[in-house]
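Worksheet for the structure shown next.
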Amino acid sequence: MANMKEIARMAGVSLGTVSHVLNGTAGVREPLKRRVLEAVQAAGYQPSQLARGLRRDKTNMIGMIIPDITNPFFPAVVRGAEDVAFSNGYRLILCNTDNDHSKELVHLNELRTYLPAGLIVIPSNFSDLTAQAESYRQAGTGVVCIDRLPKNWSGDTVTADNEAGAYNATRCLLQMGHTKLAAITGPQHLTNATDRLNGFKRAMQESRLPLAPEYVQETTFDKQGGYAKTLILLRLIPRPTAIFAGNDMIALGALLAVREAGLQCPEDISLLGFDDLDIAETTNPSLSSVSQSGYQLGTTAARILLDRLQGDKGPVKHLVLETTLKLRNSVAAPRAVPRQKASSREVRGHRRD
């Protein structure tokens, strides 16, 4: 493989001239620049990004840490961040933690050897990355935390309006006539799960309906957790007529449990999720859900990061993205109340300042 010395020999110029052309560190006369670029093309030369990074203390790499690559929500977030990064000359390094904080710390420590220009982080379960993320910031590496937030994090953030989304979803179920509502929430040490439960509880409190502790079940953000907790709820007396699930994966597990119990959705029990995954439109019945754009979450985070890398020294940014309630066939009025058709309607959420 050709190196810079070989390029200099082929172009008949100095090594310094080749370096200036490839790195844009000084002006080079057009005839010399053209000879260098022709030699680069002829030799198939690929500059070492790591060597460049060592000279500049940074590479063009952006590290992205996500908690669960098997969750269909996160690939859209990654795609959004990668599209913005790629179009601006940066490359994304993806690290999956499997919601394991110890694995997350290994990724963070090893990413330092790549000299990344920035980091986009979705924390794992039980994660407190504040110290590690702050050390990156102190070293001049941009950091944006998204979706879930570490404890005491004071840097840039991008989240969905989780509380308002859950509040609007619960209000919709109440307006349909449901009075026996239950919630299956995600892990309460995660900020997005806490916000969604708070939105559910706020709507219930405003309705002045009682909410016994057993009607709120906490689980992991996956189908297995939704399935197991729904079986518990279905044994309660009185049985809930509607369940608000902390995400769509929980809701899919809940739908399976409802079917296996010999019940029908929404005739016996309504289900409403959060995230609006693509699969929500193809389930039977189609799943009602609070829609948040994972792609927009990723693009917004990447743009904030690139602004920081390009010299933005302004105040810390905390962006909250609007959610939309999408009603499909998994929700209906309870049997005692005349049924309302819910498919193909949208209820806009409210942006929080």
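Contact map, region 156-179: residues that are under 22 Å from Gly294 (Cβ atoms) paired with residues that are among the aromatic types (Phe, Trp, Tyr) and part of a helix (DSSP H, G or I), Cβ distance under 6 Å, separation 6+ or inter-chain. Pairs shown: Ala166/Phe200.
Within region 196-228, which residues are part of a helix (DSSP H, G or I), of a type in the set (A, V, I, L, M, F, W, C) and open to solvent by 30 Å² or more (accessible area, probe 1.4 Å)?
Pass one, region 196-228, residues part of a helix (DSSP H, G or I): 196-207, 213-215, 223-228.
Then drop every residue that is not of a type in the set (A, V, I, L, M, F, W, C), which leaves 197, 200, 203-204, 228.
Across region 196-228, the qualifying residue is only Ala228.
Quick check on Val121: is it touching a residue at least 60 places away in the same chain (Cβ under 8 Å), buried (at least 19 other Cβ atoms within 10 Å of the Cβ) and not basic (Lys, Arg)? Explain how you work it out, then say what you get.
Working: touching a residue at least 60 places away in the same chain (Cβ under 8 Å): no; buried (at least 19 other Cβ atoms within 10 Å of the Cβ): yes; not basic (Lys, Arg): yes.
No: the conditions fail for Val121.
Number of residues in region 255-265 that are open to solvent by less than 10 Å² (accessible area, probe 1.4 Å) and either part of a loop (DSSP other than H, G, I, E, B) or out of contact with any Phe, Trp or Tyr (no Cβ under 9 Å at 6 or more places or on another chain) (or both) equals 1. One residue is enough: does region 293-302 have a residue meeting the conditions closer than 20 Å to Ala169 by Cα, at pLDDT 95 or above and surrounded by 18 or more Cβ atoms within 10 Å (Cβ to Cβ)? So far as region 293-302 goes, yes, one or more of its residues are closer than 20 Å to Ala169 by Cα, at pLDDT 95 or above and surrounded by 18 or more Cβ atoms within 10 Å (Cβ to Cβ). Within region 280-303, being part of a helix (DSSP H, G or I), in contact with a helix residue (DSSP H, G or I) (Cβ under 8 Å, 6 or more places away or on another chain) and without any contact (Cβ under 8 Å) to a residue 60 or more places away in the chain holds for one residue alone: Ala280. Among the conditions (1) open to solvent by 50 Å² or more (accessible area, probe 1.4 Å); (2) modelled with pLDDT of 95 or more; (3) not polar (S, T, N, Q), Arg339 misses just one, which is (2).
When Leu271, Leu252 are checked against the criterion of being closer than 22 Å to Asn71 by Cβ, in contact (Cβ under 8 Å) with a residue 40 or more places away in the chain and not in a loop (DSSP other than H, G, I, E, B), a single residue qualifies: Leu271.
Under the condition of being open to solvent by 10 Å² or more (accessible area, probe 1.4 Å) and either in contact with a Leu (Cβ under 8 Å, 6 or more places away or on another chain) or at pLDDT 90 or above (or both), the residues counted in region 46-73 number 13.
For region 126-149, the criterion of a residue being under 21 Å from the mean Cα position of the chain (by Cα), among the aromatic types (Phe, Trp, Tyr) and buried (at least 21 other Cβ atoms within 10 Å of the Cβ) is satisfied by at least one position.
Consider region 304-327. How many of its residues are in a loop (DSSP other than H, G, I, E, B) and buried (at least 22 other Cβ atoms within 10 Å of the Cβ)?
1
So that you can scan it fast, the table gives a plain yes or no per residue for (1) closer than 21 Å to Pro67 by Cα; (2) among the acidic types (Asp, Glu); (3) open to solvent by 10 Å² or more (accessible area, probe 1.4 Å):
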| site | (1), (2), (3) |
| --- | --- |
| Ala166 | no, no, no |
| Gln175 | no, no, yes |
| Ile184 | yes, no, no |
| Thr194 | yes, no, yes |
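The values are calculated or read from the model by the stated rules, or taken from the named source; none is laboratory data. Computed from a predicted structure; not experimentally measured. Because the Cβ atoms are built from the backbone with ideal geometry, glycine has one as well, and the counts that use them run over all protein chains shown. Side chains included, ligands, DNA and RNA excluded: accessible areas come from the protein's heavy atoms. Shrake-Rupley method; radii C 1.70, N 1.55, O 1.52, S 1.80 Å.
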